[in-house]
Amino acid sequence: MSNIQIRLASLLLRENYGEIVEKVGSYLIKYGLKALRAIALDTNLKLDQVRKALCVLITHNMAKFTSTKRGIIYYQVSVKTVLLLSRYPRYIYSVKTLYGDAGELIVEEILQNGQLLMSKVVRKVTERLNEALEDRTVEESFVRDKFIDLVSTHFLQRVVNPPSDIDSTVTESETAIEEEDLYKIPEAMKIEGCISRKRRRSEDEDRGTKRIRTDSTASEDPSESFPDDGVYWHTNFDRFHQHLRDQAIIDAVSRRVDKIGAEIVRTMLRMSELTTDPKATLTKPMSSHEIFHALSRELNIPRPTLDQYLKLLADDQIDFINKTGESGGGIYVINIYKAIKSLCIAHIESVVQERFGSKCYRIFRLLLLKQHLEQKQVEEFAMIPAKEAKELLYQMFSEHFVSVQEIPRTPDHAPSRTFYLFSVNLNQVCRMLLERCYKTNANLIARREHDTYENRRLLERSQRIEAVVAASLRNNDGNPEQTAELEEMITPPERAQLNKLKHNVNKLEQSELQVEETIFILTSYVQMVV
């Protein structure tokens with residue numbers, strides 16, 4: 001954990017949860033396990049504020065707590081989980097492509113709240129869909145089926161309940177949930193029409209009086225009861241990462257081979273997505289016969305064509321697919337490690353080419369291929385003049401893209417009698433680029449916040465005017481002249497400034513997403529190497 005990661009985590013916490021949560025989270029990231037009073041004293045916050053901030057962090061699975069034999073509770077924040085906040089848009093978009101608008105809103109609600117009851121999620125999403133769709137009505141059963149689909153594909157899982165009374169004698173094994181129970185839907189939620197909420201009998205009802213509630217406060221009424229009380233759900237980040245990793249592999253095959261080859265690889269990944277450990281380096285073995293029957297009938301791929309594509313993918317030098325047997329028309333596995341390594345190398349090579357030029361890119365690829373080379377060998381193989389090759393090598397060496405290993409021929413380590421071998425330490429380069437990506441993301445967020453803060457008054461005025469115009473159009477009591485008069489309250493120079501600000505903010509946000517894609521690939525490789 002570096003200072004750059006701490007800075008990025010602080011910016012993400014402040015942007016998503018406010019300054020108090022950011023202050024508590026940053027303190028725990030820096031100093032590790034701390035008790036409640038120590039946090040309040042060192043951060044100059046009230047105990048109630050610290051409690052609420054810790055509740056937010058624990059609810060979003062960013063903080064954990066442990067207790068000592070004396071009953072003192074210590075809190076700790078995971079910086080890795082906090083850094084996943086910048087990946088939330090990709091999670092939501094992935095679910096939208098798989099399960100449509102209902103799936104998107106389900107995951108969005110759970111990510112915003114950390115963990116929720118299935119009944120609450122289904123009710124909120126149904127209300128949001130009905131507000132957005134004016135031409136038709138969405139039933140709760142439709143949203144419930146989408147939720148069940150997300151659980152069955154392991155994108156959502158149950159929250160492991162902590163013990164009710166914190167005691168040092170309680171171990172994790174006593175509170176752990178079995179693997180199959182993590183994705184078990186409560187029986188009450190499988191029955192049609194069971195999602196509608198019920199209200200417990202209150203003292204007012206015992207006296208024969210009625211309580212009037214509005215729809216906006218109904219969900220917050222503590223007297224409500226739900227058929228799935230106590231069963232909370234949250235997102236399974238490992239499953240999302242597995243899907244994003246598989247999608248990156250499919251896109252790479254599509255660029256290298258064609259769309260048919262990509263669809264074959266997609267089918268193989270889909271066959272093994274729930275039976276293969278997300279951290280495994282190889283998928284489960286699949287026969288050509290099984291792959292053929294699992295292919296979509298819409299692709300209309302005959303068996304000989306499938307065999308040709310599998311042979312082509314297995315013989316390719318990138319080695320994404322390995323053939324491990326001959327039974328069943330051939331047994332194939334997808335080598336996840338080599339696929340991620342190839343994607344990681346492609347990202348690093350792109351950085352080298354943009355930063356140092358095409359000749360350094362040629363030298364870098366040569367070192368990856370040959371592993372260890374002397375300076376004279378680099379000059380010969382890369383066909384670059386000696387002086388220029390020397391400058392380029394030491395330029396990359398100074399930026400830590402290239403490593404040098406000394407092999408002395410004599411004990412005195414005399415330079416004239418020492419071999420200097422240049423190589424690429426891929427793991428070291430990945431970690432170095434990861435730090436730079438974290439720094440870039442932090443700078444992008446800081447710049448976006450700075451631009452928004454500098455133009456906050458203009459933005460607030462523009463939002464107020466847009467709200468008034470939207471309200472008048474919605475109520476059908478505004479004419480075009482009044483609308484034009486309201487819009488003219490912002491002068492042309494201010495309008496140009498607003499357009500420029502929106503353009504810059506959009507570019508910064510797109511840059512954040514692109515950097516996050518690189519971070520994901522580099523992180524996936526580093527985790528496999530460890």
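The values are calculated or read from the model by the stated rules, or taken from the named source; none is laboratory data. Values in this document were obtained by computation on a predicted structure and should not be read as measured data. Note that we place each Cβ from the backbone using ideal geometry, even for glycine, and neighbour counts take in every protein chain shown. Quick note on the areas: whole protein, heavy atoms, side chains included, nothing else; ligands and nucleic acids left out. Shrake-Rupley method; radii C 1.70, N 1.55, O 1.52, S 1.80 Å.
Here are some notes:
- Each residue in segment 273-305 was checked for being farther than 19 Å from Asn335 by Cβ and not in a loop (DSSP other than H, G, I, E, B), and 10 of them qualify.
- Residues located in segment 312-330, provided they are open to solvent by less than 50 Å² (accessible area, probe 1.4 Å) and assigned to a helix (DSSP H, G or I): Leu313, Ala314, Gly328, Gly329
- Pairs with Cβ under 6 Å, 6+ apart, first in segment 500-520 and touching a residue at least 60 places away in the same chain (Cβ under 8 Å) and among the small types (Gly, Ala, Ser), second part of a helix (DSSP H, G or I) and buried (at least 17 other Cβ atoms within 10 Å of the Cβ): Ser511/Leu444
- For the residues Tyr309, Tyr337, the requirement of being closer than 17 Å to Val253 by Cα, aromatic (Phe, Trp, Tyr) and either open to solvent by 70 Å² or more (accessible area, probe 1.4 Å) or in contact with a strand residue (DSSP E or B) (Cβ under 8 Å, 6 or more places away or on another chain) (or both) singles out Tyr337.
- Listed by first and then second residue, the pairs with beta-carbon distance under 6 Å, at least 6 apart or on different chains, first residue in segment 8-33 and free of Cβ contacts under 8 Å to residues at least 60 places away in the same chain and closer than 23 Å to Glu512 by Cα, second of a type in the set (Lys, Arg) and open to solvent by 10 Å² or more (accessible area, probe 1.4 Å), are Glu22/Arg14.
- With respect to (1) surrounded by 15 or more Cβ atoms within 10 Å (Cβ to Cβ); (2) over 22 Å from the mean Cα position of the chain (by Cα), the lone exception for Asp48 is condition (1).
- Positions within segment 1-25 being crowded, with 18+ Cβ neighbours inside 10 Å and farther than 26 Å from Arg436 by Cβ, in sequence order: Tyr17, Ile20, Val21, Lys23, Val24
- Summed over segment 63-104, the residues that are of a type in the set (Gly, Ala, Ser) and at pLDDT below 90 give a count of 2.
- Of all residues in segment 108-141 being among the acidic types (Asp, Glu) and part of a helix (DSSP H, G or I), the one that is farthest from Thr153 (Cα to Cα): Glu131
- Within segment 441-453, residues that are touching a residue at least 12 places away in the same chain (Cβ under 8 Å) have Cβ atoms under 8 Å from residues that are surrounded by fewer than 20 Cβ atoms within 10 Å (Cβ to Cβ) and basic (Lys, Arg) in these pairs: Ala442/Arg7, counting only partners at least 6 apart in sequence or on another chain.
- Residue check for Arg144: outside any helix (DSSP H, G or I) and either out of contact with any Lys or Arg (no Cβ under 8 Å at 6 or more places or on another chain) or polar (S, T, N, Q) (or both): no
Results for (1) closer than 28 Å to Val526 by Cα; (2) outside any helix (DSSP H, G or I); (3) open to solvent by 70 Å² or more (accessible area, probe 1.4 Å), shown as yes or no for each residue.
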{"site": "Tyr27", "(1), (2), (3)": "yes, no, no"}
{"site": "Leu41", "(1), (2), (3)": "no, no, yes"}
{"site": "Leu54", "(1), (2), (3)": "no, no, no"}
{"site": "Leu57", "(1), (2), (3)": "yes, no, no"}
{"site": "Ser86", "(1), (2), (3)": "yes, no, no"}
{"site": "Ile92", "(1), (2), (3)": "yes, no, no"}
{"site": "Ile106", "(1), (2), (3)": "no, no, no"}
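- Selection within segment 1-44 - within 16 Å of Lys64 (Cβ to Cβ) and over 21 Å from the mean Cα position of the chain (by Cα): Val24, Tyr27, Leu28, Tyr31, Gly32, Leu33, Lys34, Ala35, Leu36, Ile39
- The requirement of being under 25 Å from the mean Cα position of the chain (by Cα), at pLDDT below 90, open to solvent by 50 Å² or more (accessible area, probe 1.4 Å) and of a type in the set (S, T, N, Q) is not satisfied by Asn113.
- Residue that is nearest to Gln375 (Cα to Cα) [pool: residues in segment 425-447 that are open to solvent by 30 Å² or more (accessible area, probe 1.4 Å) and in contact with a helix residue (DSSP H, G or I) (Cβ under 7 Å, 6 or more places away or on another chain)]: Asn427
- When Asn61 is tested against the conditions (1) open to solvent by 50 Å² or more (accessible area, probe 1.4 Å); (2) in contact (Cβ under 8 Å) with a residue 60 or more places away in the chain; (3) more than 25 Å from Leu513 (Cα to Cα); (4) touching a Ser or Thr at 6+ places or on another chain (Cβ under 8 Å), the lone failure is (3).
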